[in-house]
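K.L.:
Got a structure for you, written out below as structure tokens; questions coming shortly.
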Amino acid sequence: MDVSDFYDTFFEEAGELLEDMERLLIELDTDAPDRDHLDAIFRAAHSIKGGAGTFGFEALQDTTHRMENLLDRARNGELTLDRAAVDILLEAGDVLKGQVESYREGQSPDAEAADRICRVLQQLAEGASPSPISAEPGTGAPADSAQVDTGERCLSIRVTGIGAGDADALAEELALFGAVTDRRDEAEALTLELTTSAATADISAVLCFIVDEDQIRIEPAGPAQAAGDGARLRVILDGVTPEDRPGLVEEVGLFGEIVAQHADGERLSLDLVSDQPAEDIAAVLAFQLDANQIHVESLTADAPAAAESKPEASPGEGPSTDKTDQTAAGVSPSKPTPSKPAPAAQAASGERPRERSGSESTSVRVPTDKIDQIINLVGELVITQSMLERAVGELDREHGEGLSEGMGQLARNARDLQESVMSVRMVPMDFAFNRFPRLVRDLSAKLGKDVNLETRGGATELDKGLIERIMDPMTHLVRNSLDHGIEDAATREAAGKPAAGQLTLSARHQGGNVVIEIGDDGAGLSRERILAKARSNGLAVSDDMPDEEVWQLIFAAGFSTAEQVSDVSGRGVGMDVVKRNIAQLGGHVDLRSQQGVGTTVRVILPLTLAIMDGMAVRVGDEVFILALGAILESMRIDESAVRTVTAGHHVIEVRGEYLPLVALHRAFDVEGAQTRLDRGIVVVVSSESRRFGLFVDELIGEQQVVVKNLETHFRKVAGISAATILGDGSVALILDATALSRMAGAPRPARSSSQSPADNNVPAESVSHE
């Protein structure tokens, strides 16, 4: 089988592991590093190295090997990782990302960058370690620290199938590793006890110069001498050739101490003392072997049975309890491995039926284009269902009753199908939030500021396509907060604030939308400076403008109040693009600020761009769709409830509150529409934290509609966000509540008094205002 078939899976896996590694490094407490935390970072690097070796990505394998060595020495307490060391590891992660991307594109990675970071990693390891491990001759690279044991123990070593002369030679070789405390010669066999600190893999490698590996058995002389406090595991690997044994022994040795090993034909048996879960060991070995070749069982008393037959982890389980975040570590059984067709899936569940949340037996990777294709087909199904409903509705009751019941069931099934398919594309906001700790760390250090980042609502789900397209606007807003919003430590302390600034990213559901907020506790916006800058830019402003309108001025093209231009921000380029990009996603931006307290930017987005629940309204002979989540209520009103304000702006009184009024037939020049308020319907709509009335002829009813991009087939129309196809095959326009709310608030020139209030409230000129 061509392993290149699994390249895409490996690249996705490697990307996820690198993101996990970056997050874990940023969260690492350098003053008191947690061993589990370091183990998770190490296993992420080790998993990438294993996959890179399988596919022959030598540069990636070499870089991760150097990084792995450094991390292994850190987790074994041989060196301390300070902030500078973490920065180097983060930089190494950036190089690894570049290498993965190069291999994905079929190009050669940057050799100069790889050589540089490998040199830095090696220097860090050598300079930080008080007792650096000797390098292999001619390589200049430190030996694998996983093979270095820190304490002595007594091993029982038995070699079979030897002659008398070989026994003496073997005893002499073993004496080089420590003190031989007992020796027993038998017919064609030698058994002795050795007190040593050497790794069992090193001892076995030397003995293999004299005898074959399957003649050697090494195990602890007694249970009291077993190293560490971990569980005793037996790793049995079938179908292993003599050429593959050393590499597999090294792989297993990375999880703890190998205290015994035995080879019998193509079966390799290793006794391991480790505090790592059996599932993690099996998942990593699955990079090189098939799942049915791997068996990991516990030898510790009262511990769970073999990994392949363990049904569930019981409360209070001992050494095999998983104390690390396997998903973050990157070797979770829930992730498919690239070297074989779904090997980790088999390793975690195919041969091991233990049920785990998110295990590979319950997940599968599917390209997003296939999901998009299914969503499009579901959309067409919704349209077809609407057509059938319309046709059935035209039948008389006697002949259409049974058909109507079937159509009702079809409608319910279609909605369930649509909701299920749409949920496949929904991903948690943590997918976006996890990219910002690194940005905040690097940028705050560059600006000389101390900033704490807090995220909330990471479990809030949003369409994956929206998350990917919102990343650039969010990044720009975060950079603005760090550069312009949060002050330096001296300024903050002088103002009575904590020296460290606070940046908060949050997400939550609100109706049919997701609300994302980027807030800081910085200096806030200066109303006076914004108005002064607006006047200098030739914008029409007044001193009595409400704060909400003043804050919106910063979204004008080229607008900036920054006194100095930096490479971070300050050129007045970007905020207008942020607003435009969010508007293209069907969302809008709100901004709240208080000088000296801070600023919060709120981005409101629809949950998905594909299918929406809407209310169909008729204006003349035209049908429009209004998002159901934006509608608060609908009512008939008397013309006496209409009030005229300055500049021809009309409002309606609703329970003591005055709301701006927009007549839809005037906004879009619809002929033959109802103009008398007492004969039409006013729909009260909420958008951008504002409420307004929308005058239409009648409400048709709720409909589930498939959203079609209007700009792709026509052009952008002010007040319209998209289009859809109705059950009769006609096209209906989907209203943009945000644009209409701004029309409601725009100044209106006075019109003839002979016109009705409904005719007078929205001039044709306002259509082009947006």
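The values are calculated or read from the model by the stated rules, or taken from the named source; none is laboratory data. This structure is a prediction, so every number in the text was calculated from the model and none was measured. Cβ placement follows ideal geometry from the backbone for every residue including glycine, while neighbour counts extend to all protein chains displayed. Ligands, DNA and RNA are excluded from the accessible area calculation, which covers all protein heavy atoms including side chains. Shrake-Rupley method; radii C 1.70, N 1.55, O 1.52, S 1.80 Å.
The rows are residues; the columns are (1) closer than 23 Å to L377 by Cα; (2) under 18 Å from the mean Cα position of the chain (by Cα); (3) hydrophobic (A, V, I, L, M, F, W, C).
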| position | (1), (2), (3) |
| --- | --- |
| L410 | yes, no, yes |
| F433 | no, yes, yes |
| S444 | no, no, no |
| Q510 | no, no, no |
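K.L.:
Would segment 417-429 turn up any residue that is part of a loop (DSSP other than H, G, I, E, B) and of a type in the set (G, A, S)?
P.N.:
no
K.L.:
To continue, here is another question. Which of the residues belonging to segment 713-757 are at pLDDT below 80 and of a type in the set (D, E)?
P.N.:
Answer for segment 713-757, where residues must be at pLDDT below 80 and of a type in the set (D, E): just D728.
K.L.:
Counting only residues that are modelled with pLDDT of 80 or more and not in a strand (DSSP E or B), which one in segment 154-167 is most open to solvent (accessible area, probe 1.4 Å)?
P.N.:
Among them, the one singled out is G161.
K.L.:
Quick one: in segment 1-41, of everything that is open to solvent by 30 Å² or more (accessible area, probe 1.4 Å) and outside any helix (DSSP H, G or I), which residue is farthest from V252 (Cα to Cα)?
P.N.:
Here the residue is D31.
K.L.:
Another question, if that's okay. Might you check whether a residue that is farther than 28 Å from Q510 by Cα and not polar (S, T, N, Q) occurs anywhere in segment 416-430?
P.N.:
Checking segment 416-430: not a single residue is farther than 28 Å from Q510 by Cα and not polar (S, T, N, Q).
K.L.:
Determine, yes or no, whether S766 is over 35 Å from the mean Cα position of the chain (by Cα), surrounded by fewer than 16 Cβ atoms within 10 Å (Cβ to Cβ) and either at pLDDT below 50 or in a strand (DSSP E or B) (or both).
P.N.:
No, not satisfied.
K.L.:
One residue is enough: does segment 379-393 have a residue meeting the conditions closer than 24 Å to V514 by Cβ, touching a strand residue (DSSP E or B) at 6+ places or on another chain (Cβ under 9 Å) and at pLDDT below 80?
P.N.:
Scanning segment 379-393, I find at least one residue that is closer than 24 Å to V514 by Cβ, touching a strand residue (DSSP E or B) at 6+ places or on another chain (Cβ under 9 Å) and at pLDDT below 80, so the answer is yes.
K.L.:
Here are the criteria: (1) more than 29 Å from V731 (Cβ to Cβ); (2) part of a strand (DSSP E or B); (3) touching a helix residue (DSSP H, G or I) at 6+ places or on another chain (Cβ under 6 Å). Tell me which single one R602 does not satisfy.
P.N.:
It is condition (3) that R602 fails.
K.L.:
Output the number of residues of segment 386-435 satisfying the condition of being open to solvent by 80 Å² or more (accessible area, probe 1.4 Å) and within 21 Å of P606 (Cβ to Cβ).
P.N.:
4
K.L.:
Mind checking which pairs have a first residue in segment 486-507 that is farther than 14 Å from A445 by Cα and a second that is polar (S, T, N, Q) and open to solvent by 60 Å² or more (accessible area, probe 1.4 Å), Cβ under 8 Å, 6 or more apart or different chains?
P.N.:
As it stands, the answer is Q502/N452; L503/N452; T504/T455; L505/T455; S506/T455, since those pairs meet every condition given.
K.L.:
Still on this model: Suppose we filter segment 42-69 for residues that are in a helix (DSSP H, G or I), open to solvent by 10 Å² or more (accessible area, probe 1.4 Å) and more than 17 Å from Q276 (Cβ to Cβ); how many remain?
P.N.:
9
K.L.:
Take the residues in segment 605-631 that are within 18 Å of R690 (Cβ to Cβ) and outside any strand (DSSP E or B); name whichever of them is modelled with the lowest pLDDT.
P.N.:
Residue satisfying both the conditions and the ranking: G629.
K.L.:
Between a first residue in segment 453-480 that is closer than 11 Å to I516 by Cβ and a second residue that is among the basic types (K, R) and surrounded by fewer than 16 Cβ atoms within 10 Å (Cβ to Cβ), which pairs have beta carbons less than 6 Å apart while being 6 or more apart in sequence or on different chains?
P.N.:
G457/R508; T460/R508
K.L.:
Among what's in segment 75-92 and is open to solvent by 10 Å² or more (accessible area, probe 1.4 Å), part of a helix (DSSP H, G or I) and not acidic (D, E), pick the residue that is modelled with the highest pLDDT.
P.N.:
Top of the filtered list is I88.
K.L.:
A follow-up question, please. Restricting to segment 459-486, count the residues that are open to solvent by 30 Å² or more (accessible area, probe 1.4 Å) and not in a helix (DSSP H, G or I).
P.N.:
Going through segment 459-486 one residue at a time, the tally reaches 2.
K.L.:
Going residue by residue through segment 601-617, is there one that turns out to be surrounded by fewer than 20 Cβ atoms within 10 Å (Cβ to Cβ) and under 16 Å from Q552 (Cα atoms)?
P.N.:
Checking segment 601-617: at least one residue is surrounded by fewer than 20 Cβ atoms within 10 Å (Cβ to Cβ) and under 16 Å from Q552 (Cα atoms).
K.L.:
Quick one: which of Q510, Q502 is of a type outside the set (D, E, K, R) and more than 19 Å from R438 (Cα to Cα)?
P.N.:
Just one listed residue meets the conditions, Q510.
K.L.:
Output the residue which, of all residues in segment 94-116 that are among the small types (G, A, S) and more than 26 Å from the chain's Cα centre (by Cα), is surrounded by the most Cβ atoms within 10 Å (Cβ to Cβ).
P.N.:
Here the answer is A114.
K.L.:
Quick check on segment 558-569. Is at least one of its residues farther than 30 Å from G379 by Cα, in contact with a strand residue (DSSP E or B) (Cβ under 9 Å, 6 or more places away or on another chain), at pLDDT below 90 and not assigned by the TED database to the domain that holds I720?
P.N.:
Scanning segment 558-569 turns up no residue that is farther than 30 Å from G379 by Cα, in contact with a strand residue (DSSP E or B) (Cβ under 9 Å, 6 or more places away or on another chain), at pLDDT below 90 and not assigned by the TED database to the domain that holds I720.
K.L.:
While we're looking at this one, here's another question. Considering only segment 206-225, state which residues are farther than 18 Å from R153 by Cα and at pLDDT below 70.
P.N.:
Residue satisfying the conditions is F209 alone.
K.L.:
Now for a different question. Looking at segment 656-680, which of its residues are under 11 Å from G693 (Cα atoms) and either without any contact (Cβ under 8 Å) to a residue 12 or more places away in the chain or not in a strand (DSSP E or B) (or both)?
P.N.:
Result: L664, single match.
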